[in-house]
1. Just to verify a result, which residue in segment 34-75, among those that are under 18 Å from the mean Cα position of the chain (by Cα), of a type in the set (Gly, Ala, Ser) and surrounded by fewer than 20 Cβ atoms within 10 Å (Cβ to Cβ), is farthest from residue 15 (Cα to Cα)?
2. Since residue 89 meets every condition but one in (1) modelled with pLDDT of 90 or more; (2) farther than 29 Å from residue 11 by Cβ; (3) charged (D, E, K, R), which condition does it not meet?
3. Does residue 56 qualify as being in contact with a helix residue (DSSP H, G or I) (Cβ under 8 Å, 6 or more places away or on another chain) and either at pLDDT below 95 or among the aromatic types (Phe, Trp, Tyr) (or both)?
4. Checking the structure you have, find out if any residue of segment 38-52 is part of a helix (DSSP H, G or I), in contact (Cβ under 8 Å) with a residue 12 or more places away in the chain and under 15 Å from residue 63 (Cα atoms).
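The values are calculated or read from the model by the stated rules, or taken from the named source; none is laboratory data. Keep in mind that this is a model prediction, so the values were computed, not measured. Here Cβ is always computed from backbone atoms with ideal geometry, including for glycine, and neighbour counts include all displayed protein chains.
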Amino acid sequence: MTGSGSGEVDDKVVLDAAIVAGAQAVEHYEICRYGTLIAWAEKLGHDEVVRLLTSNLNEEKAANTKLNTIALRKGVNTRRRTPRHLECRRQGLRRDGLGMRGTKPNIAG
């Protein structure tokens, strides 16, 4: 690698890994957040909101699965722990989008 721009990356596998990792970081962030929002909506009894957010969550999971497929075809390992995944764990969020681990959201309402 001769510089910081993607046009300057000599190794195509490295460039592919960086692109997939960046896209997956966004998906993982969204999955974590949708999971939390769903937990809050469930706690507040907003069933329609839960349904809509769950639909969005499933779309994000599908996008992440597509990125995994692309990565596998290109020989990129995307199954390693990422900083975003570790951040979700630090916050007590589940990467699978099922909400907060071990605690109930504290929402006044």
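1. Among those residues, the one meeting the criterion is 55.
2. Result: residue 89 passes all but (1).
3. no
4. no
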